[in-house]
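This report concerns only the one structure given below.
The values are calculated or read from the model by the stated rules, or taken from the named source; none is laboratory data. Values in this document were obtained by computation on a predicted structure and should not be read as measured data. Positions of Cβ are generated from backbone atoms using ideal geometry, with glycine treated the same way; all protein chains shown enter the neighbour counts. These area figures cover heavy atoms from the full protein model, side chains too; ligands, DNA and RNA do not enter into them. Shrake-Rupley method; radii C 1.70, N 1.55, O 1.52, S 1.80 Å.
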Amino acid sequence: MKKVLGLLALCLVCVFALSSCSNDDDINLSEESLVGTWDVTYAEMDGESVDIPNGYVYITLKDNGTYRVVMFSDDYTGRYKIEGNTVIGTTLDPITEYFEFTKLDGDNAEINYSNSDEDYYKFKATKR
């Protein structure tokens, strides 16, 4: 009987431990938490990391569903929508962009970026 109770207790501990683990899908973005300008302070591409000077790379999300991205000398606009933990934007070209928020802690975020041109970056960003 002690073995059965011990196994049951172990199973309960495992269930609680696994259910408390964070999952990327647990981040539910809202327009209120996203609207504003996000300055990218760090970027990683193909395993190479780069510290980004303030103001060189940023994303501005407006409450009217439009957005603007500045990446060094590139500057473009489009429309966006929010699906779960991802902001999906479409530029005027049209290129589809995915800003997957993997971590959101107040005004600090970690974002996996990809687009339909097969570019992939990892960003760390701070909201102004």
Problem - Which numbered condition VAL87 misses (of (1) more than 24 Å from ASN28 (Cβ to Cβ); (2) modelled with pLDDT of 95 or more; (3) of a type in the set (A, V, I, L, M)) - result: (1)
Exercise for the section: State whether one or more residues within segment 103-125 are aromatic (Phe, Trp, Tyr) and part of a loop (DSSP other than H, G, I, E, B). Expected result: no
Exercise for the section: Collect the residues in segment 55-109 that are among the aliphatic types (A, V, I, L, M) and under 18 Å from the mean Cα position of the chain (by Cα), keeping them in residue-number order. Expected result: VAL57, ILE59, LEU61, VAL69, VAL70, MET71, ILE82, VAL87, ILE88, LEU104, ALA109
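Conditions tested, residue by residue: (1) open to solvent by less than 60 Å² (accessible area, probe 1.4 Å); (2) polar (S, T, N, Q).
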residue	(1), (2)
ASN64	no, yes
GLU83	no, no
ASN108	no, yes
ASN115	yes, yes
Practice task
Inspect all residues belonging to segment 44-60 and state whether any of them is touching a Lys or Arg at 6+ places or on another chain (Cβ under 7 Å), surrounded by fewer than 18 Cβ atoms within 10 Å (Cβ to Cβ) and in contact (Cβ under 8 Å) with a residue 60 or more places away in the chain.
Solution key: yes
Problem - Residue selected from segment 85-106 under the condition more than 16 Å from GLU44 (Cα to Cα) and of a type in the set (A, V, I, L, M, F, W, C), by the criterion most open to solvent (accessible area, probe 1.4 Å) - result: LEU92
Practice task
Among the residues of segment 66-81, write down those that are in a strand (DSSP E or B), among the aromatic types (Phe, Trp, Tyr) and either surrounded by fewer than 17 Cβ atoms within 10 Å (Cβ to Cβ) or touching a Ser or Thr at 6+ places or on another chain (Cβ under 7 Å) (or both).
Solution key: TYR67, TYR76
Exercise for the section: May I ask you to list pairs of residues, at least six apart or on different chains, whose Cβ atoms are under 6 Å apart, with the first in segment 69-81 being under 20 Å from VAL50 (Cβ atoms) and the second being open to solvent by 90 Å² or more (accessible area, probe 1.4 Å)? Expected result: PHE72/TYR56
